[in-house]
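J.: One structure follows; several queries about it will come next.
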Amino acid sequence: MAEQNLLTILALAPFAASLLLLTYPHNALRAAAWTSGLTLTAGLLILLGFRDLIQSGESVRANIQWIPSLQLNISFRLDGFSWLFAALVLCIGILVVIYARSYMDGQDRMPRFYALLMAFTGAMQGILLSGNILILVVFWELTSIVSFLLIGFWHQSAAARDGARTALLITALGGLGLLLSMLLIGYIVGSYDLEQVLASGDVIRSHHLYEVTLVLFLLGAFTKSAQFPFHFWLPGAMAAPTPVSAYLHSATMVKAGVFLLIRFEPALGRTPEWFYIVAGVGMLTLLTGAVISLFRHDLKGLLAYSTISHLGLITALAGFGGPAAIFAAIFHICNHAAFKASLFMTAGIIDHETGTRDMRKLGGLIRVMPVTAVLAIVATAAMAGLPLLNGFLSKEMFFAEAVEWHDGTWLDDALPYLAVVAGAFSVAYSWRLIVTVFFGPTPTDLPKTPHEPPNAMRLPVAFLVAVCVIVGILPAITIEPALNIATRAVIGPGAPAVHIAIWHGINGPLLMSVIAILVGTYLFLATARSIPFGPEGPPIFHHLRAAKIYDWLELQFSWRWPRAIFKRISTEQLQPQLRVLVLTALLFAVASLWGSFNISNTPRLHQPPPAFLLMWTVGAACAMFAAWQAKYHRFAALVSLGGAGLITCLTFAWLSAPDLAVTQLLVEVVTTVLLLLGLRWLPKRREEIAEDKLLPAKIRRFRDFIIALAGGTGIAVLAYAIMTRPLVINIGDWFLGNAYYEGGGTNVVNVILVDFRAFDTYGEICVLAIVALTVYALLRRFRPSAESVETPAQQMQTSAQNATDYLYVPSVIMLWMFPVLILVSAYFFFRGHDLPGGGFAAGVTMAIAFLVQYLATNVRWVEARITVLPIRWMGFGLLIATATGLGAWIFGYPFLTAYAQYVHLPVIGQVPAATAMLFDLGVFALVMGATVLMLVAIAHQSLRANRLREIEEEKADKKEAA
Amino acid sequence: MELILSIAIGVLATSGIWLLLRPRSFQVIVGLCLLSYAVNLFIFSMGRLTPGRPAIMPKGGFVDPTIYADPLPQALVLTAIVISFATTALFLVVLLASRGLTGTDHVDGKERDQS
């Protein structure tokens, strides 16, 4: 049990740290770095604690049930392979955190940077630790998204934005493929559990969907690991801050693709298709990356293509398959992480200290930063695969695997030669890196005067280089056991233990190495003079850039074609869209009722009282009048709209819905006031629109009238057909029968709202809060139309004296209504559970109490006397409602379970005291806050308009004076 | 009674839909309000009409559900009323902002002949 919890903590701690970091102030660089570093260290300690268990070849599992019916469980699983990889991620992460602290500028928002870094670590660990292949895809996509945010961290630069977008599009496309392939695998195997999938290799390989699954799977892995032809996003991603490049785009995230290839090799691999595609693409990438790398002028660009090339090498090894190749692949993942992360960090140091990354400008840096130079030279030697360094060992293994017989096809025969050519190019670009950056004459036109970097930047590099040397000299006692465990975790317990030796005697791989080094040195010497003056890419081929093709495709797919299609099939005009909406609704209603529609033979009818008929005669007249006048006489339309609303309210009261009647009445009041306030900013429509009298406009109106009539008739017939049907037993009966016994209230409507269906209500008040905040936000930047900025004509005509006495008696009465309305509100609230009323009605009443004060006097008068903080009311309302819901958890019940009890208070008597009332209190506070916020925000516009007017007058005066 | 109410719903809906299809934004707002009355009444009427028997239960004892009004549509409509107020407010603000920004109250932000 303890192990399960530790594993869950290991997987989730980075996310927690990420959320925590987001709350830090912008300048909390030190605290952010410490939090991140300690989180990663804690993770590493947990991993160390699992060491004994992992060594015995076992795996640790933790299961959290999520949606069992869909087999979707959040399960984590740690075995030898993921243990090694997770340790790698955490180690490099700690070094990057230390490095970034000095590298990043003080002006950057560092807590945000570290928060993203932690989120990435969490997502990456999620990929490694997922025990469910669907959850794995979720984490996979998460790394893409966080990578997008990190590449675009310096979002002011266009290169960063473009690089981020390209990276996201490519990796997310691959992620989609991966998701599909995982769904297919789940379908084939019948389970999404990783262990079961890995054990079902034979079933998957013999299934007729195997090829489709494989291609989709490889699409995911290849895009992530920047394999040809998807490699071009990685150089674009170099616009990211260098710590990100070191961490995500060389050491860890891009390895997720090869991780997946290795992990699923037992399930999907060991077929000719796998060998051809994976080994073929790997070799192609290895070669292309190495060749292009030699011709790059940007230091990070060179390293990026070198990374692509090394990823190709690992991919090829995964393609070969078999214990030795898998062993070599895992080994090279670790080695590459060590030397490439240190090289990226060195590139960052050089960039930081000299102000440029252009190798044509750099040179002679060994004289000004000797320590950094020595470290970089050792790391580069490891990258080139020189003896006594870790890169040599895994490269030898790769050569050995390339020589090995696989299936005798032409690809297999060509492998050794391709490997040597790629090796030669990697030696050549390593030479170029060292010679051009560290040797030669000291440049004079650098943007900054270079010197040794701060220790915190050099330390991580030194550590990684030390690892390269130690592993290179003493592989057997440092990393060999962990690699063997990891290989066994992938292949199975039967995998033979591999022994890493530095000296195997003079054999094929060694000869290949020697040839590669000699040819590479010659390549460099032959091209050293011409490359700096050439284009950024190999001769001839630099015209054919994958990035250019991609840009063209992106333009077509995301801009030209959508716009062309949009022009054909859609419109920006609202009216046709609404027309289509109404007609579609009509069509579906008619189609679904066609043939089966009938009106009950024994209709349930009530004799209509004459008053009801009279009422709706007025109501219908109001509605039609509003429709008729809404264009030119908005005020008249508004009044008659209110009339229709009041009739609706009376209908509710008549037909046994007192709660609805109360709420409708109150809402009617605030809606009318709101629209009236809005009318102030809607300039009067003065001239009649001439076009309206013409035939086309008449035809349009007639057509819309027919549509409206069809819709209205349809809904009327439908309403009549249902209303006259006898009532069948339904869920409402259950609510009626149980409201008192289960919910402790006699007003069933209220009990439904705050108890039985409280979660729905919770959602609705959230919507209300969001809408209110949106209204508030929209009004903060509101610019009224030019015609309505002036003082309204009515106000100009009345003198100042008249304005103070304006409606004097009513305004005094309205002021006195304040306490009365508060009392009414409280009354509505407390009786709500048993009698009509409740939080909604009470909240709106309270809002009206404030509103009346604003109406009776003016904004300044009210706000000098009452402090209304609507946003806080809303916040507290939401908090109370949430806390009530969470309170149920403490007692072991589901969210928002209510508890009801009557309490005897002296004098007052029996008082209902249900926790549902607390929830209703939250509803009350939120509804009140939201309503007041919206009304006050719009009422404040006249104050703002006054200020605007004053400012403009001042400006005009100044102009005149000038 | 049923006939009157369904005709009333029909009139409200017709006026609402007609206004919804009009070009001026204030017309659309009034149309949405009318339509929301119609829809609220429609949903409410799904529980059938029961004059004079609000869903207020006795404290204890046997409850005969057939004699009370159906509370469920009422609960649905209650929140709908408040939400429709919120959307009206939102739409009103968008209308005002659009009027200020574009200088016209046409729903598309430009007059028909300008397009």
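The values are calculated or read from the model by the stated rules, or taken from the named source; none is laboratory data. Here the structure is a predicted model, which is why all the values come from computation and not from measurement. Positions of Cβ are generated from backbone atoms using ideal geometry, with glycine treated the same way; all protein chains shown enter the neighbour counts. Quick note on the areas: whole protein, heavy atoms, side chains included, nothing else; ligands and nucleic acids left out. Shrake-Rupley method; radii C 1.70, N 1.55, O 1.52, S 1.80 Å.
J.: Any idea which residue in the stretch A:35-85 is least open to solvent (accessible area, probe 1.4 Å), counting only those that are β-branched (Val, Ile, Thr) and part of a strand (DSSP E or B)?
T.: Once the filter is applied, the top-ranked residue is A:Val60.
J.: Output yes when any residue across the stretch A:819-842 is of a type in the set (Ser, Thr, Tyr) and within 40 Å of the chain's Cα centre (by Cα), and no when none is.
T.: No: zero hits.
J.: Quick check, is A:Leu518 touching a Phe, Trp or Tyr at 6+ places or on another chain (Cβ under 9 Å), open to solvent by 80 Å² or more (accessible area, probe 1.4 Å), assigned to a helix (DSSP H, G or I) and within 23 Å of A:Leu418 (Cα to Cα)?
T.: For A:Leu518, the condition - touching a Phe, Trp or Tyr at 6+ places or on another chain (Cβ under 9 Å), open to solvent by 80 Å² or more (accessible area, probe 1.4 Å), assigned to a helix (DSSP H, G or I) and within 23 Å of A:Leu418 (Cα to Cα) - is not met.
J.: Okay, next question. Could you say whether any residue in the stretch A:617-634 is part of a helix (DSSP H, G or I), open to solvent by 70 Å² or more (accessible area, probe 1.4 Å) and aliphatic (A, V, I, L, M)?
T.: Looking for residues that are part of a helix (DSSP H, G or I), open to solvent by 70 Å² or more (accessible area, probe 1.4 Å) and aliphatic (A, V, I, L, M), one finds at least one in the stretch A:617-634, hence yes.
J.: For a quick check of your reading: which helices (runs of 4 or more DSSP H) sit entirely within the stretch A:116-233 and have at least 1 residues that are within 30 Å of A:Ala16 (Cα to Cα)?
T.: The qualifying helices (runs of 4 or more DSSP H) are A:133-151, A:158-189, A:194-199, A:210-224.
J.: Taking the stretch A:269-282, which residues are modelled with pLDDT of 90 or more and open to solvent by less than 10 Å² (accessible area, probe 1.4 Å)?
T.: Listed by number, the residues that qualify are A:Trp274, A:Val278, A:Ala279, A:Gly282.
J.: Given the structure, is A:Thr143 within 25 Å of A:Val189 (Cβ to Cβ) and touching a residue at least 24 places away in the same chain (Cβ under 8 Å)?
T.: Answer is yes for this residue.
J.: Would you check which residues across the stretch A:872-895 are over 17 Å from A:Leu753 (Cβ atoms) and either touching a helix residue (DSSP H, G or I) at 6+ places or on another chain (Cβ under 6 Å) or part of a helix (DSSP H, G or I) (or both) and list them?
T.: Passing the criteria: A:Arg872, A:Trp873, A:Met874, A:Gly875, A:Phe876, A:Leu879, A:Ala883, A:Leu886, A:Gly887, A:Trp889, A:Ile890.
J.: Please pick out the residue among A:Lys548, A:Lys448 that is over 30 Å from A:Val197 (Cα atoms), free of Cβ contacts under 8 Å to residues at least 12 places away in the same chain and exposed (fewer than 14 other Cβ atoms within 10 Å of the Cβ).
T.: Just a single option satisfies the conditions, and that option is A:Lys548.
J.: Right, next: Starting from the stretch A:760-781, keep only residues that are in contact (Cβ under 8 Å) with a residue 40 or more places away in the chain, then list their pairs with residues that are outside any helix (DSSP H, G or I) and open to solvent by 10 Å² or more (accessible area, probe 1.4 Å) whose Cβ atoms are within a distance under 8 Å, requiring at least 6 positions of separation or different chains.
T.: Hits for this filter: A:Tyr762/A:Leu896.
J.: Quick check on the stretch B:99-108. Is at least one of its residues within 22 Å of A:Val669 (Cα to Cα), more than 7 Å from chain A (Cβ to nearest Cβ) and either surrounded by fewer than 22 Cβ atoms within 10 Å (Cβ to Cβ) or not polar (S, T, N, Q) (or both)?
T.: The answer is no; no qualifying residue exists.
J.: Filter the stretch A:724-762 down to residues that are facing chain B (nearest Cβ under 9 Å), open to solvent by 20 Å² or more (accessible area, probe 1.4 Å) and either touching a Lys or Arg at 6+ places or on another chain (Cβ under 8 Å) or not in a helix (DSSP H, G or I) (or both), then give me how many there are.
T.: Here the count works out to 7.
J.: While we're looking at this one, here's another question. Under 8 Å by Cβ, and 6 or more places apart or on different chains, what pairs join a residue from the stretch A:642-665 that is more than 7 Å from chain B (Cβ to nearest Cβ) with one that is open to solvent by less than 10 Å² (accessible area, probe 1.4 Å) and acidic (Asp, Glu)?
T.: The qualifying pairs do not exist here.
J.: Kindly indicate which of A:Leu676, A:Leu718 is outside any loop (DSSP other than H, G, I, E, B), under 44 Å from the mean Cα position of the chain (by Cα) and more than 10 Å from every other protein chain (Cβ to nearest Cβ).
T.: From the options A:Leu676, A:Leu718, the qualifying one is A:Leu676.
J.: Looking at the stretch A:631-650, is at least one residue closer than 30 Å to B:Pro65 by Cβ and of a type outside the set (Val, Ile, Thr)?
T.: Within the stretch A:631-650 (the criterion being closer than 30 Å to B:Pro65 by Cβ and of a type outside the set (Val, Ile, Thr)), the answer is yes, since at least one residue qualifies.
J.: Can you confirm whether A:Ser596 is more than 9 Å from chain B (Cβ to nearest Cβ) and either polar (S, T, N, Q) or closer than 29 Å to B:Ile56 by Cα (or both)?
T.: Yes, satisfied.
J.: Output the residue which, of all residues in the stretch A:385-416 that are of a type in the set (Phe, Trp, Tyr) and out of contact with any Leu (no Cβ under 9 Å at 6 or more places or on another chain), is farthest from A:Ile500 (Cα to Cα).
T.: A:Trp410
J.: Mind listing just one residue for me: the one in the stretch B:45-72 that is part of a helix (DSSP H, G or I) and open to solvent by 10 Å² or more (accessible area, probe 1.4 Å) and, of those, nearest to A:Asp755 (Cα to Cα)?
T.: Here the residue is B:Leu72.
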